[in-house]
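A.B. asks: Before anything else, here's the structure in question.
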Number of protein chains: 2
Amino acid sequence: MATLTSKEWALAKRPVGMPQQADFSMKEESIGEPKDGEIQVKNSWMSVDPYMRGRMYDRESYVPPFQIGETLTGGAVGKVTASAHPDYSEGDLVVSMAGWREAWTAKPEEMMANKVPQTGLPDSALLGVAGMPGLTAYAGILRVADLKEGDVVFVSGAAGAVGSTVVQIAKIKNCTVIGSAGGAEKCNLVKELGADEVIDYKQHESYESLVGALKAAAPKGIDVYFDNVGGDHLEAAIECARPMARFAECGMISQYNATEPVPGPRNIIQVVGKQLRIQGFIVSTHTDMQPQFLQDMAGWIQSGKMKFEETVMEGIETAPDAFLGLFSGKNKGKMLVKLG
Amino acid sequence: MATLTSKEWALAKRPVGMPQQADFSMKEESIGEPKDGEIQVKNSWMSVDPYMRGRMYDRESYVPPFQIGETLTGGAVGKVTASAHPDYSEGDLVVSMAGWREAWTAKPEEMMANKVPQTGLPDSALLGVAGMPGLTAYAGILRVADLKEGDVVFVSGAAGAVGSTVVQIAKIKNCTVIGSAGGAEKCNLVKELGADEVIDYKQHESYESLVGALKAAAPKGIDVYFDNVGGDHLEAAIECARPMARFAECGMISQYNATEPVPGPRNIIQVVGKQLRIQGFIVSTHTDMQPQFLQDMAGWIQSGKMKFEETVMEGIETAPDAFLGLFSGKNKGKMLVKLG
């Protein structure tokens, strides 16, 4: 047992529009030995995710806002370095919400920490394809969008952590998949993951051009839209939707940094005549699917049906850069920070 | 048996924006005696409904567009005046889609005609509370919006044929109901139907004012929104929605006459965080509910739990006026034209 030091990131101030490096400040904390019921953990990986932008606003939401000066939180994987908890031993692998820091001491429940059984997967996968983003993709496409064999599926943000998993699940379910991503490199990745058609949205800056590309990729229309970006993509998906199409609204990253209200889809009236179902969801509502998810995902990874890409930045110092990179499209697949 | 003459309405040209009297033209047809398998019917009532506006555009939709010069169609009730069909006899009551005319001879299936059993209800109710608008309300609020006891329900167009039925079904199911309608007279009607709170939208012309009124009427938010109007009402409903709220999108009459694309709700991003479900529907998808609907509706009407209002115009000559009146809010409850 020993006291550790931990470099940690907090908000210096609330971002306005696109977050900046100066919105974050680093501090160094001393991490004490665990008291009764506590564990001491050294993080090896932390996650940065688009949803964190929402917590930087001071507003009511499904998760409370981050507080200025307090260490940020988010997904992390680490190893127990000392334990005063009967269920945890030194060396145990732990996933928690104690990200944005190098180490921590707390009761597991305070950090939503759980011990991870041996999966044969690399630790980092627990923050991606076999973690929260993976379950988001799984619950969203299978339950919220009610995917059926043979559906024509449109996925935006298809090179991201969630989107790339959605593409592959839909292919496993024998669907036709159209993925949208930004730039040739990401589009190649989406194609490699099995998408039938890929749209490079950076080649289609106007709505008219984007909807034209989607119509060309899906001449008979789409049955399912998995939305990670909102904006023009959502409007184009409504335009190309077949009757009774289902939309899983996972995120709208195109709007996360908006400082003015953004007009909604101008064709929303088509929801009536086409009998569309547009449904938002949050992964935490669907944790009942976790056991089946892990079983399916482990099988798919082992059989080579599910690939996953990671973009890794090194060291706690890079965490704000990694986070900012999400909004300029720097990541292919899951964006991670390697800590130890 | 005899030949009848029938005054009938057709489109003279496709309306641009708000329809005008001059968009319609009347003609007189000779209605022959029925040949084998046909019936001859004299209409006593015809219906005008907002959805008809959509059929006046020349575009692909869930129902084909009306053709210039061809007699319009829509809900009608009439009596068989001559029959060459084994299942129909003179005097039988018939509901059909052969509206916008005084009489017709055709095979029943060509006019989607059905013989109506004795219900004890006035004939006109078969075009309203016990007909297509009634089933629209019933399927929309109970199935699409998945109404639960105790829900806080917001209904727009609450004095209309569909909306006024929704208000009463929600009260029968022990919900708190907020209705929106235009003008004091309609608001009084909605209140008399049992709504807990009424919003006169003509007193709230800006979005900010409307959302303020809805927040005051539903301080804890809404669980269900039954949408007949779209536009600001939809945006206000999203703003006031509780987590997991369900929206039944029945119509968006505020946009039916728009000549330019109308911006969608600027707060559509809330669909994600609040996990909203926005679902459009068309009554014809839910005709499997018809038997239960008629049984429930007859019981509710007999026990005094379901009231219905009608706005009646007299004579086939008034049909375009009756239709135009839907868009200026001239109707309380179901708008009908009495023909015989």
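The values are calculated or read from the model by the stated rules, or taken from the named source; none is laboratory data. It should be emphasised that the depicted structure is a prediction, and the values quoted were computed from it without experimental measurement. Ideal geometry is used to build each Cβ from the backbone, glycine not excepted, and the neighbour counts take in all protein chains shown.
A.B. asks: Please tell me if A:Tyr62 is in a loop (DSSP other than H, G, I, E, B) and more than 18 Å from the chain's Cα centre (by Cα).
C.D. replies: Values: in a loop (DSSP other than H, G, I, E, B): yes; more than 18 Å from the chain's Cα centre (by Cα): no.
In short, no.
A.B. asks: Go through the residues of segment B:297-306 one by one and say whether even a single one is among the hydroxyl-bearing types (Ser, Thr, Tyr), more than 14 Å from chain A (Cβ to nearest Cβ) and either surrounded by fewer than 19 Cβ atoms within 10 Å (Cβ to Cβ) or more than 16 Å from the chain's Cα centre (by Cα) (or both).
C.D. replies: To start, the set of residues in segment B:297-306 that are among the hydroxyl-bearing types (Ser, Thr, Tyr) comprises B:303.
Pick out the ones that are also more than 14 Å from chain A (Cβ to nearest Cβ) and you get B:303.
Narrowing the set further to residues that are either surrounded by fewer than 19 Cβ atoms within 10 Å (Cβ to Cβ) or more than 16 Å from the chain's Cα centre (by Cα) (or both) leaves B:303.
The answer is yes; a qualifying residue exists.
A.B. asks: Which number in (1) modelled with pLDDT of 95 or more; (2) under 30 Å from B:Pro243 (Cβ atoms) marks the one condition that A:Val63 misses?
C.D. replies: (1)
A.B. asks: If I ask for residues that are of a type outside the set (A, V, I, L, M) and either facing chain B (nearest Cβ under 7 Å) or touching a Lys or Arg at 6+ places or on another chain (Cβ under 9 Å) (or both), which ones from segment A:276-294 would you list? Before the answer, list the steps.
C.D. replies: First pass over segment A:276-294, keeping only residues of a type outside the set (A, V, I, L, M): A:277, A:279-281, A:284-288, A:290-293.
The answer is A:Arg277, A:Gln279, A:Gly280, A:Phe281, A:Thr285, A:His286.
Okay, residues lined up against (1) touching a helix residue (DSSP H, G or I) at 6+ places or on another chain (Cβ under 8 Å); (2) within 20 Å of A:Ala145 (Cα to Cα); (3) among the hydrophobic types (A, V, I, L, M, F, W, C):
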{"position": "A:Met252", "(1), (2), (3)": "yes, yes, yes"}
{"position": "A:Val262", "(1), (2), (3)": "yes, no, yes"}
{"position": "A:Pro265", "(1), (2), (3)": "yes, yes, no"}
{"position": "A:Ile282", "(1), (2), (3)": "yes, yes, yes"}
{"position": "A:Gln292", "(1), (2), (3)": "no, yes, no"}
{"position": "A:Gln295", "(1), (2), (3)": "no, no, no"}
{"position": "A:Gly304", "(1), (2), (3)": "no, no, no"}
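Yes or no, residue by residue, for (1) out of contact with any strand residue (DSSP E or B) (no Cβ under 7 Å at 6 or more places or on another chain); (2) in the same structural domain as A:Gln21 (by TED's automatic domain parsing):
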{"residue": "A:Arg242", "(1), (2)": "no, no"}
{"residue": "A:Gln255", "(1), (2)": "yes, no"}
{"residue": "A:Lys274", "(1), (2)": "no, no"}
{"residue": "A:Arg277", "(1), (2)": "no, no"}
{"residue": "A:Gln302", "(1), (2)": "yes, no"}
{"residue": "A:Gly315", "(1), (2)": "yes, yes"}
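A.B. asks: Only one of A:Gly264, A:Gly230, A:Gly273 is in contact with a Pro (Cβ under 6 Å, 6 or more places away or on another chain) and facing chain B (nearest Cβ under 7 Å). Can you tell me which?
C.D. replies: A:Gly264 is the lone residue from the list that is in contact with a Pro (Cβ under 6 Å, 6 or more places away or on another chain) and facing chain B (nearest Cβ under 7 Å).
A.B. asks: So A:Val162 fits all but one of (1) buried (at least 24 other Cβ atoms within 10 Å of the Cβ); (2) among the hydrophobic types (A, V, I, L, M, F, W, C); (3) touching a Gly at 6+ places or on another chain (Cβ under 7 Å); what number is the exception?
C.D. replies: (3)
A.B. asks: For residues that are away from chain B (no Cβ under 14 Å) and touching a helix residue (DSSP H, G or I) at 6+ places or on another chain (Cβ under 6 Å), tally how many sit in segment A:200-217.
C.D. replies: Matching residues across segment A:200-217 total 4.
A.B. asks: Confirm whether B:Ser30 is over 30 Å from B:Cys250 (Cα atoms) and surrounded by 15 or more Cβ atoms within 10 Å (Cβ to Cβ).
C.D. replies: Numbers: over 30 Å from B:Cys250 (Cα atoms): yes; surrounded by 15 or more Cβ atoms within 10 Å (Cβ to Cβ): no.
No, not satisfied.
A.B. asks: Here is a further query. Which condition number in (1) at pLDDT below 95; (2) in contact with a helix residue (DSSP H, G or I) (Cβ under 9 Å, 6 or more places away or on another chain) is the one that B:Gln118 fails?
C.D. replies: (2)
A.B. asks: Counting only residues that are over 20 Å from the mean Cα position of the chain (by Cα) and surrounded by 22 or more Cβ atoms within 10 Å (Cβ to Cβ), which one in segment A:247-269 is farthest from A:Ala158 (Cα to Cα)?
C.D. replies: The selected residue is A:Ile269.
A.B. asks: Determine, yes or no, whether A:Gly163 is within 19 Å of A:Lys330 (Cβ to Cβ), in contact with a Phe, Trp or Tyr (Cβ under 6 Å, 6 or more places away or on another chain) and in contact (Cβ under 8 Å) with a residue 24 or more places away in the chain. Walk me through it before giving the result.
C.D. replies: Values: within 19 Å of A:Lys330 (Cβ to Cβ): yes; in contact with a Phe, Trp or Tyr (Cβ under 6 Å, 6 or more places away or on another chain): no; in contact (Cβ under 8 Å) with a residue 24 or more places away in the chain: yes.
Against the criterion (within 19 Å of A:Lys330 (Cβ to Cβ), in contact with a Phe, Trp or Tyr (Cβ under 6 Å, 6 or more places away or on another chain) and in contact (Cβ under 8 Å) with a residue 24 or more places away in the chain), A:Gly163 does not qualify.
A.B. asks: Residues that are among the aliphatic types (A, V, I, L, M) and within 23 Å of A:Met335 (Cα to Cα): does segment A:27-37 have at least one?
C.D. replies: Just the residues of segment A:27-37 that are among the aliphatic types (A, V, I, L, M), to begin with: A:31.
After this cut, where a residue has to be within 23 Å of A:Met335 (Cα to Cα) as well, the list is none.
Looking for residues that are among the aliphatic types (A, V, I, L, M) and within 23 Å of A:Met335 (Cα to Cα), one finds none in segment A:27-37, hence no.
A.B. asks: Scanning segment B:239-254 for residues that are more than 19 Å from B:Arg143 (Cβ to Cβ) and outside any strand (DSSP E or B), which turns out farthest from the other protein chains (Cβ to nearest Cβ)?
C.D. replies: Among those residues, the one meeting the criterion is B:Cys240.
A.B. asks: Mind checking which residues of segment B:299-324 are over 16 Å from B:Ser164 (Cα atoms) and modelled with pLDDT under 95? Break it down into steps so the answer makes sense when it comes.
C.D. replies: Quick first cut of segment B:299-324, residues over 16 Å from B:Ser164 (Cα atoms) only: B:299, B:302-303, B:312-324.
The answer is B:Gly299, B:Gln302, B:Ser303.
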